[in-house]
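*Asks:* Sharing a structure, written as structure tokens. Questions coming.
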Amino acid sequence: MDRLVSLEPSNVVTIRIEAGQRCYGELTLRNVMYTMPVAFRLQPVNKMRYAIRPQSGIILPLTALTLEITYQLSPNSSLPDRFPHCDDSFILQSVVAPGAAVKDPSSTYDSVPSEWFTNKKKQVYSDSGIRIMFAGSLILAQLVTKGYMDEIREVLEKSDPGWKAADSVDADGQSLLHLAIAQSRPDLVQLLLEFGPDIEAQSRAGCSPLEAAAASGDGLIVELLLAHKAIPERSESSTWGPIHLAAGNGHTDVLRHLLLKGANVNALTKDGNTALHLAVEERRRDCARLLLANGASTNIRNANDGDTPLHIASGSGDEQMVKLLLHKGANKDIRSKQGKTAYDVAAENGHTRLFDALRLGDSLCVAARKGEVRMIHRLIENGASINGRDQNGWTALHRASFKGRIEAVRALIEKGIEVDAKDEDGYTALHCAVESGHAEVIEFLVKKGADIEARTNKGVTPLQIAESLSYSGIIRILVHGGATKDGVSQVPKQNSVPFRKGIGAREMEIGAIKKKTNRTRIHRSSFDRSAPLAVV
């Protein structure tokens, strides 16, 4: 036998250091003797720094006694000189005490004569293996700040289970997660998450860990937090939520993670902006595109001034953003609380290059649709872009061709409009004229060099549209103009031999053309319900 008492649970005493509180830890001694009581004495080498209660006593056979070790901080310090481990040592002495008894085994004041441990006739066991480990909020905060992974794990594992060590905060109210995020340390964040910290704990500034990670743009940390069920919405005390912070700072990958986890794409900041407002304001075009692709509304008005994202883009003169928003359906007629449209805002700030997109381009398309040749000339002279597009992606030539306004078509081509410009579905003006059945416009476009074999995004040529709609006169015009039978063979007539794609594929192709035709007619008819389509 090499000892009379055992140390539980180990020889390391954890002392918790907290500002303004008594710093102490506990050590349990167990008598391993079956029949004999054991006397013990525990003494610190540095008696000025530590106090032990009780410092000595008697432990009955196979029973245990818990000691309290108090640490005295220096007057001018809130932390020990070294941590989490230190060089301070203790000497534990024990001796068999036959016949000794203790009135109350739980008493902490039983004293043992010092000569018991100096009597040469008795075998005194001495143990100097007791060590101190410091824990506590400030200790952990310092360890996280320094990035000491092993020490952090040890302190978290050995801390009192009654204390949620992973929820520690530093002197400024920052949680351990916030400190790890501030260092862009996903390894530290993952370590802390193993010990179940409050993942929604807010900093003194009212910011959640996920909001902090979104602001810093660390995609891996954001993924870790989301995987541990972090809420992707704005916390009540925050001004901006994670999605706003990611969009405003241009962190596209972070924004994508948040959207995949169900973040509300149209959520509002405390002052009434959406993430799209912020992306537009900061000219984060990639973020704006991602938000729009995920259903962000272009027409939400700010709660304070009533501005839409289009107002903001127009005020800053961001031409690409204006075109992107218009392409995604932004309503340019919405007025702010000051009664201003996006055009008014652009005009106030002298952004003349936006005038076409915000007003003149629409006017040009309207004039083309109505066949008002004089107005077309006037608008172009006033600065309307000849190849400008309306918010549906059509040029004036698309509009005039679809409506069969031959004089408007002539005027536009004379002014140099791009004959083969395509809309978002790949339709040229020739496609539009064919599907609406305007033979005169088709013949003129063909003579002016329109690409007779132009294909839509689904690979459909003008001749295929004419075939699917049985426009025999238009078919003759196109074939005479050079359209190949190869185009016709891809949309064969009803009784012809199926093409290599098979009957199912052929019927789907024809259906797609008819669906496009019907959709386009309904869409364009809203501009002029009184004008019937011509049929050849």
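The values are calculated or read from the model by the stated rules, or taken from the named source; none is laboratory data. Since this is a predicted model, take the numbers as computed values, not measurements. For neighbour counting, all protein chains shown are included, and Cβ atoms are generated from backbone atoms with ideal geometry for every residue, glycine included.
*Asks:* Among the residues of the stretch 68-75, are any out of contact with any Phe, Trp or Tyr (no Cβ under 9 Å at 6 or more places or on another chain), surrounded by 13 or more Cβ atoms within 10 Å (Cβ to Cβ) and outside the structural domain of residue 154 (by TED's automatic domain parsing)?
*Replies:* Yes, the conditions are met somewhere in the stretch 68-75.
*Asks:* Tally the residues that are more than 54 Å from the chain's Cα centre (by Cα), surrounded by fewer than 20 Cβ atoms within 10 Å (Cβ to Cβ) and β-branched (Val, Ile, Thr), restricting the search to the stretch 1-57.
*Replies:* Result for the stretch 1-57: 3.
*Asks:* Provide a single number: the residues in the stretch 289-315 that are of a type outside the set (A, V, I, L, M), out of contact with any helix residue (DSSP H, G or I) (no Cβ under 6 Å at 6 or more places or on another chain) and buried (at least 18 other Cβ atoms within 10 Å of the Cβ).
*Replies:* Qualifying residue count, the stretch 289-315: 4.
*Asks:* Now, a different point. Suppose we keep only residues that are of a type in the set (S, T, N, Q) and assigned to a loop (DSSP other than H, G, I, E, B) within the stretch 1-44. Which one would you say is farthest from residue 60 (Cα to Cα)?
*Replies:* Within the stretch 1-44, the match that is farthest from residue 60 (Cα to Cα) is 21.
For (1) modelled with pLDDT of 90 or more; (2) of a type in the set (A, V, I, L, M, F, W, C); (3) out of contact with any Lys or Arg (no Cβ under 6 Å at 6 or more places or on another chain); (4) surrounded by fewer than 20 Cβ atoms within 10 Å (Cβ to Cβ), each residue gets a yes or a no:
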site: 105; (1), (2), (3), (4): no, no, yes, yes
site: 115; (1), (2), (3), (4): no, no, yes, yes
site: 133; (1), (2), (3), (4): yes, yes, yes, no
site: 136; (1), (2), (3), (4): yes, no, no, no
site: 154; (1), (2), (3), (4): yes, no, yes, yes
site: 160; (1), (2), (3), (4): no, no, yes, yes
site: 175; (1), (2), (3), (4): yes, no, yes, no
site: 184; (1), (2), (3), (4): yes, no, yes, yes
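*Asks:* Quick test of your reading of the structure: residue 334 fulfils all but one of (1) aliphatic (A, V, I, L, M); (2) crowded, with 20+ Cβ neighbours inside 10 Å; (3) not in a helix (DSSP H, G or I). Name the failing condition by number.
*Replies:* All conditions pass for residue 334, except number (2).
*Asks:* Within the stretch 301-345, count every residue that is in contact (Cβ under 8 Å) with a residue 60 or more places away in the chain and among the aliphatic types (A, V, I, L, M).
*Replies:* Going through the stretch 301-345 one residue at a time, the tally reaches 2.
*Asks:* Could you pull out the residue among 278, 258 that is more than 13 Å from the chain's Cα centre (by Cα), buried (at least 23 other Cβ atoms within 10 Å of the Cβ) and closer than 22 Å to residue 203 by Cβ?
*Replies:* 278
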